[in-house]
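Below: one structure, written as structure tokens.
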Amino acid sequence: MSQPDPSARTGIDPRSPRLGAGITAVLLLIDLFLSLVGATTAAAVLLLVIALLFAWGAFAGIRRHPYGVLFRAVIRPRLTPPTQLEDPAPPTFAQAVGLLVTGVGLVLYVSGVPLALPIAAALAFAAAFLNSVFGYCLGCQLYLLLVRARLIRRRAQA
């Protein structure tokens, strides 16, 4: 019988959200390109898919997100164990921030604001790029600021 993954109780591998951010950054860059060359229907559909992926991460949790499952099943077994684990609450909150940005962009686009699509994609791309390349998660930082300001409560690790 296999042993349960210790990160399921104590935290997540910090490389997992970075992989997800990298995939998301590529998708958002494609979306931005599509919206700028006039393929707005394709860009809107792709942004909707990205928003649904953000919703999956925000509501099901970062561990159950498809990119997290991919990382644990395919990539993590090929890597050395992480030196430290990370609280899953900030990256999960960051998924909600991504959902908010892409969701507002989609709602504004459908409401007749055509520039909302590339602006939302560009903002989300900037955040995903910073996370994937530099390990700086804007949504995580926002979470920590809101916890310090006591506007939200720190969620217990699952």
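The values are calculated or read from the model by the stated rules, or taken from the named source; none is laboratory data. Note that this is a predicted model, so its numbers are computed, not measured. Backbone-built Cβ (ideal geometry, glycine too); neighbour counts: all protein chains shown. Surface accessibility is based on the protein's heavy atoms, side chains included, excluding ligands, DNA and RNA. Shrake-Rupley method; radii C 1.70, N 1.55, O 1.52, S 1.80 Å.
The residue that is farthest from ILE12 (Cα to Cα), counting only those in region 90-124 that are out of contact with any Gly (no Cβ under 9 Å at 6 or more places or on another chain) and small (Gly, Ala, Ser), is GLY112.
When restricted to residues that are of a type in the set (Gly, Ala, Ser) and under 21 Å from ASN131 (Cα atoms), region 19-49 contains 4. Cβ-Cβ distances below 7 Å connect the following pairs, each with a first residue in region 88-116 that is β-branched (Val, Ile, Thr), a second residue that is open to solvent by less than 20 Å² (accessible area, probe 1.4 Å) and assigned to a loop (DSSP other than H, G, I, E, B), and a separation of six or more residues or different chains: THR92/GLY61.
Taking the conditions exactly as written (under 15 Å from the mean Cα position of the chain (by Cα), open to solvent by 30 Å² or more (accessible area, probe 1.4 Å) and not small (Gly, Ala, Ser)), does PRO66 satisfy them or not? I'd like the intermediate steps shown before the answer.
Values: under 15 Å from the mean Cα position of the chain (by Cα): yes; open to solvent by 30 Å² or more (accessible area, probe 1.4 Å): yes; not small (Gly, Ala, Ser): yes.
In short, yes.
Checked against the criterion of being at pLDDT 90 or above, loosely packed, with under 15 Cβ neighbours inside 10 Å, within 14 Å of ALA124 (Cα to Cα) and aliphatic (A, V, I, L, M), the candidates VAL26, VAL45, VAL74, VAL37 yield just one match: VAL26.
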